[in-house]
Amino acid sequence: MAIKIIDHNSNEYKQMVELRYNMLRKPLNLAFSLEELARESEDILIGCFEDDKLEGCCLLTKTQDKYTLRLRQMAVLSGLQGKGFGKVLMTYAENIARDRGYRKISMHARKNAVGFYEKMGYKIVSNEFIEITIPHYLMEKEL
């Protein structure tokens, strides 16, 4: 397993968009807009690979608070969920954030993923809210 930062618009990025679409958007009958994908050129794009095949990914996006990054679009291939890929991705993302001077990661966590993030040390800091048609919570972790 190799984890690395992906360049926007690279072949690896195209794999990342496809994985995120299949795991996160397609089940909700949603798609990515060209504008949404273009904005990701400013994000830190992280991928987990096995023999050049993307198996998991996430993005870190700058926020209004210069010390906080927002974790977005965390996805792991369905057959690999529960095998530690998510934990490895999160640890890598947190280390990148720390190395770049950030002090906190926040996210809009899907309700069904809250348990995973709590095990990683994230805390719920909001009431439940609906985003992209499903329940979410705002979660944060001090780095």
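Basic side chains Lys and Arg get +1 at the Cβ, acidic Asp and Glu get -1 at the Cβ, and with that the dipole of the chain about its Cα centre reaches some 400 debye. Looking only at the stretch 114-143, which residues have a backbone nitrogen under 16 Å from a spot 7 Å from the Cα of ARG100 in the C-beta direction? Within reach of a label on ARG100: 143. Between HIS108 and ASP51, the FRET efficiency estimated from the beta carbon spacing at R0 = 30 angstrom works out to 0.40.
If R0 equals 22 Å, the separation of the Cβ atoms of GLU18 and LEU143 corresponds to a calculated FRET efficiency of about 0.15. Using just the helices of the chain, give the 222 nm mean residue ellipticity in deg cm²/dmol: DSSP H runs with n ≥ 4 each add -39,500 (n - 2.57), and the total is spread over all residues, rounded to 500. It comes out at -7500 deg cm²/dmol, rounded to the nearest 500.
Please state the shape class of the stretch 1-51: rounded when a/c is under 1.5, otherwise prolate if a/b exceeds b/c and oblate if not, all from the C-alpha gyration tensor. It is oblate, given that a/c is not under 1.5 and a/b is not larger than b/c. The simple Förster model, with R0 at 22 Å and r as the Cβ-Cβ distance, assigns ILE132 and ASN9 a FRET efficiency of 0.35. Cβ crowding within 10 Å, taken as a proxy for footprinting-reagent exposure, orders PHE85, PHE32, PHE116 from fewest neighbours to most as PHE32, PHE116, PHE85.
Throughout, read-outs are computed from the coordinates displayed, never taken from laboratory work. Fair warning: this is a prediction, and the values are worked out from it, not measured in the lab. Here Cβ is always computed from backbone atoms with ideal geometry, including for glycine, and neighbour counts include all displayed protein chains.
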